[in-house]
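K.L.:
This is the structure, below, for whatever I ask next.
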Amino acid sequence: MRLTKFIVLFVICTLAISIAMPAFAADGAATYKAKCAACHGPEGQGKVGPAVKGSTLTADQITDLLAKGNDAKKVPHKKAAVGLSAEDAKAVADYVKTLK
């Protein structure tokens, strides 16, 4: 009886995690649309800010730019992006690298 309960609990947890995984992947896109698209365009084509679609920067370089800022860049990227955790920055960077 205990083994059956354990197996049922395991299956439920496994299903919950597998259902939640696509939501994690979408976080980068949602954060990009909320915080970046106004300047860089909804598809990364550029607007007020430069195009990020097809960027030559690596995902790690984009993550660092968002998380730490860069004095050589124009505002707002001179400083770290406000309200963006390191995990969010990584998710956005990964999303930007999918834009082609």
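The values are calculated or read from the model by the stated rules, or taken from the named source; none is laboratory data. For clarity, every value in this text was computed on a predicted model and none was experimentally measured. Note: ideal-geometry Cβ built from the backbone for every residue, glycine included; neighbour counts use all protein chains shown.
K.L.:
Just to verify a result, which residue in segment 52-86, among those that are surrounded by 14 or more Cβ atoms within 10 Å (Cβ to Cβ) and charged (D, E, K, R), is farthest from His40 (Cα to Cα)?
P.N.:
Looking at residues that are surrounded by 14 or more Cβ atoms within 10 Å (Cβ to Cβ) and charged (D, E, K, R), I get Asp64.
K.L.:
Limited to segment 37-51, what total is found for residues that are touching a Leu at 6+ places or on another chain (Cβ under 7 Å) and either aliphatic (A, V, I, L, M) or buried (at least 17 other Cβ atoms within 10 Å of the Cβ) (or both)? Don't jump to the end; show me each part of the working.
P.N.:
To start, the set of residues in segment 37-51 that are touching a Leu at 6+ places or on another chain (Cβ under 7 Å) comprises 43-44.
When the remaining residues are screened for being either aliphatic (A, V, I, L, M) or buried (at least 17 other Cβ atoms within 10 Å of the Cβ) (or both), the result is 44.
Within segment 37-51, residues that are touching a Leu at 6+ places or on another chain (Cβ under 7 Å) and either aliphatic (A, V, I, L, M) or buried (at least 17 other Cβ atoms within 10 Å of the Cβ) (or both) number 1.
K.L.:
Need the failing condition index for Leu57 against (1) among the hydrophobic types (A, V, I, L, M, F, W, C); (2) modelled with pLDDT of 90 or more; (3) assigned to a helix (DSSP H, G or I), just the number.
P.N.:
Only one criterion in (1) among the hydrophobic types (A, V, I, L, M, F, W, C); (2) modelled with pLDDT of 90 or more; (3) assigned to a helix (DSSP H, G or I) is unmet by Leu57, namely (3).
K.L.:
Restricting attention to segment 60-100, report how many residues are under 17 Å from Tyr32 (Cβ atoms) and in a loop (DSSP other than H, G, I, E, B).
P.N.:
10
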